[in-house]
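Comments concern the structure below.
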Amino acid sequence: MTDFQHQAIRLTALQRPVTWLESLRTKATDEWLAQAWPTRKTEHWKYTPLQALQKTVLHAWGREEVPTLDATAKGELIPLDAYRIVLVDGVFDSANSSSLPESVVRFSAASATQQELIQKFLGKIVEGERHLFATLNNAWVDDGLLIHVPRNQVLDKPVYIVNISTSAAVSVNQRVLIVLEENSRADIIEHYFSASSDSQGFVNSLTEVHVADNASLYHYRLNLEQEQAQHIGAVHVDLLRNARLRGFAIALGASLMRIDYQLNHRGQGAELDLQGVYVPRNNQLVDYHTNICHWVPHCTSNEVFRGIVGDSAQAIFNGRIYIHPQAQKTLAELSNKNLLTSNKAEVNTKPELEIYADDVKCAHGATVSQLNTNARYYLQSRGLSRSEAEVMLSFGFINELLEQIVQPGVHDYLQPRLAKLFGRDYSLTEASQLLGEGNE
C-alpha cells in the first residue's frame, strides 16, 4: 500500500457528502486500500509510469469560493446553445452555468425519486474491482451530476459539462451518471481544460452510462488540459437492445493522462462507433485503454483512434475487443494509426482481439509511421514552406475523424485550435486556411 493511497483516504475526511452515498463510499474505501498499486509489471500499466503521481501531495479539495473566470478562460468555452454546467476545480460555478431542465441535476439537489435512480445505477455499471481509480472515485464521491432522459423523450439541447482547472494544487473528483431510458436520445459534451498554464492539480473523473433499448447517445470527451496536469479518467457504458452510442474523444496530453473506456454490449442489435484523436507534444503523455465486450449476438462495434506524437512525447494505445461464446453474428473492427513527427517521440500500441465465438466478422490493425517525405516534397514544390507542408500532412492524418464530428459547435471549436497547435510559428488564420485548401 502506497503513501498516495493513504493520502487519498485522508482526504475523504475533509468532504461533506450527502448521507445516502455513504454506503458506496465506505465499500469503495475498503476496496481501494486492499487493491495493489500498479507497477511496470502490471500489464495494463506497463507503459504508464505512476511514480510522479505517487510523489504528488494531495493537499485539499477545490475552494468553496469559486474564483472569477477571466476573459481568457471564458474564451475557451464552446459557444453552444446548450445546457451548460461549469465546475471550477470541482466546485459548481452557478454564475457561469445556465438554468437546467429537470432531467439534469446535481446529486446534492436530487429529489427522492432521482436519488433512487442514482442509487440504482451509480457504481453498478463500472467494475471497480478491475479499475483501481474508479474505486477511488467511488470512495471520493460526495456529489456528481445526473443526466436522466425519460422514455420516448429527446433532450432539446446538448448538455455541456465544463471542468476547469486553475493554478491551485487541488484534487478534483468528477462524477457523471447518464441514464437514457427506452427510445430516448441525448447529446453530451464533457470538456476539461486548464485556465492557467501552470495548472498542477489531480483530476479523477468517471462517467457511467446506461443506454436502454432503442436509445441513442452522442458523447464527446475533450481532454484539453495543460502540460503539468494529471488526469485519470474513465467512461463505462452498458448498451442494451438496439441501443446506439457514437463517441468522440480527444486528448492533447499532460504530464499524466490516462483515459479508460469500458463498453459493454448487453442487448442484441446494439451499435457502437467510437473515434478518438490524441496529439501529445513536448514531454506529455497520453494513454488510452479501451475494452469492448460483446456479451450477446448481433452487435456491431467500430473503433478508430489516430495519434500524432511529437517532440519527446509518449502515447499509449491499448484497444481490446472481447467476443464471448454466445456473441454470434458479431461485427467488430478496430483501427489505430500513429504518426511520429520527431525522432524522440514514442508510441506503444497494442490492438487485441479475443474471440470465443465461431460465427463473427472481426478485424483489427495498427500502424506507426513518419511523415511521407515524397508528399512533403510535392507540397513544397507547389510553393509551400516545409513547416506549412508538414501542417497540411499532419492535418490530413486526423482531419478525416474531425470531419465526422456530428456536433457542429464541437467541430468548429476543435479545428482552429488544432490548426494553431500544429502551426505554432505562424498565425491561426493561415493554418486554418491551409486546412481548408487541403480538403478541397
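The values are calculated or read from the model by the stated rules, or taken from the named source; none is laboratory data. Predicted model, so just to flag it, every value in this text is computed and none were measured. Here the Cβ positions follow ideal geometry from the backbone for every residue, glycine too, while neighbour counts run over all protein chains shown. Accessible surface areas use protein heavy atoms only, side chains included; no ligands, DNA or RNA. Shrake-Rupley method; radii C 1.70, N 1.55, O 1.52, S 1.80 Å.
May I ask you to order 329-342, 230-243 by the average number of other C-beta atoms within 10 Å around their residues, highest value first?
My ranking of the peptides, most packed first, is 230-243, 329-342.
Skipping prolines and chain starts, which residues have an amide H placed within reach, meaning under 5 Å, of the one on Ile316, given they are 5 or more residues away or on another chain?
Val286, Asp287, Tyr288, Asn348
Report in % the part of the accessible area of segment 25-180 that belongs to carbon and sulfur, leaving out ligands and nucleic acids; probe 1.4 Å.
Exposed carbon and sulfur together represent 50 percent of the surface.
Hey, if you put +1 on the Cβ of every Lys and Arg and -1 on every Asp and Glu Cβ in segment 148-298, which of Gln268, Leu245, Thr207 ends up farthest toward the positive end of that dipole?
It is Gln268, whose Cα lies furthest towards the positive end.
Counting other Cβ atoms within 10 Å, which GluC sites (Glu not before Pro) in segment 373-414 have at most 12 and lie in a DSSP loop? Intermediate values should be presented prior to the final figure.
Numbers: sites: Glu388, Glu390, Glu400, Glu403; in loops: Glu403.
Qualifying residues, ordered by number: Glu403.
Taking the Cα centre of each part, how many Å lie between segment 260-283 and segment 9-29?
Here the answer is 30 Å between Cα centres.
What number, rounded to the nearest 500 deg cm²/dmol, is the helix-based mean residue ellipticity at 222 nm of the chain, given -39500 (n - 2.57) per DSSP H run of at least four residues and division by all its residues? Display every interim value, and only then the final one.
Values: 10 runs with 106 residues, N = 440.
Mean residue ellipticity at 222 nm (helix-derived): -7000 deg cm²/dmol.
Under a Cβ-Cβ cut-off of 15 Å, what is the net charge of the residues other than Glu303 that fall near it, where Lys and Arg count +1 and Asp and Glu count -1?
Working: positive: Arg221, Arg244, Arg246, Arg306, Arg320, Lys337, Lys350, Lys361; negative: Asp260, Glu271, Asp273, Glu333, Glu352, Glu354, Glu400.
Net charge around Glu303: +1.
Determine the relative contact order of the chain: mean sequence separation of Cα pairs under 8 Å and six or more apart, normalised by residue count, in whole percent.
9 percent.
Set the bar at 26 Å for Cα to Cα. Now go through Lys41/Lys350; Lys46/Lys344; Lys41/Lys329; Lys55/Lys420; Lys344/Lys420; Lys46/Lys74 and name every pair that lies beyond it. Numbers along the way, then the final one.
Working: Lys41/Lys350 16 Å; Lys46/Lys344 19 Å; Lys41/Lys329 36 Å; Lys55/Lys420 33 Å; Lys344/Lys420 22 Å; Lys46/Lys74 38 Å.
With Cα atoms farther than 26 Å apart: Lys41/Lys329; Lys55/Lys420; Lys46/Lys74.
Mind ranking 81-94, 180-193 by how tightly packed they are, going by the mean number of other C-beta atoms within 10 angstrom, highest first? It would help to have the intermediate numbers written out before the result.
Details: 81-94: 19.9, 180-193: 21.6.
Answer by packing, highest mean first, reads 180-193, 81-94.
Let me check I've understood the local charge: for Leu224, count other residues with C-beta under 9 angstrom from its C-beta, Lys and Arg +1, Asp and Glu -1. What total comes out?
Numbers: positive: Arg417; negative: Glu76, Glu225.
Its environment carries a net charge of -1.
Can you give the FRET efficiency to the nearest 0.05 for Gln54 and Glu116, using r as the Cβ-Cβ distance and R₀ = 41 Å? Walk me through the numbers on the way to the answer.
Working: r = 39 Å, r/R0 = 0.95.
Computed FRET efficiency for Gln54 and Glu116: 0.60.
Tally Lys/Arg at +1 and Asp/Glu at -1 over every other residue whose Cβ is under 12 Å from the Cβ of Lys350; what's the total?
Every neighbour counted, the sum reads -1.
May I ask you to derive the FRET efficiency for Thr42 and Gln268 from their Cβ-Cβ distance with R0 = 45 Å, giving the value to the nearest 0.05?
Calculated value: 0.85.
Taking the alpha-carbon centroid of each part, what is the distance from segment 133-154 to segment 51-81 in angstrom?
20 Å
For Asn372 and Ser98, compute 0.36 nm times the residue count separating them, minus their Cα-Cα distance, and round to one decimal in nm.
93.9 nm
Rounded if a/c is under 1.5, else prolate if a/b beats b/c, else oblate: with a ≥ b ≥ c from the C-alpha gyration tensor eigenvalues square-rooted, which is the chain?
rounded
Given the options Tyr413, Leu24, Val159, identify the residue whose Cα lies farthest towards the positive end of the charge dipole of the chain (+1 on Cβ of Lys, Arg; -1 on Cβ of Asp, Glu).
It is Leu24.
Considering only the chain, what is the antiparallel percent among its DSSP beta bridges, to the nearest 5?
5 percent
Apply 1/(1 + (r/R0)^6) to the Cβ-Cβ distance of Ser23 and Ala71, taking R0 = 56 Å, and write down the FRET efficiency to the nearest 0.05.
Efficiency, from the Cβ-Cβ distance: 0.80.
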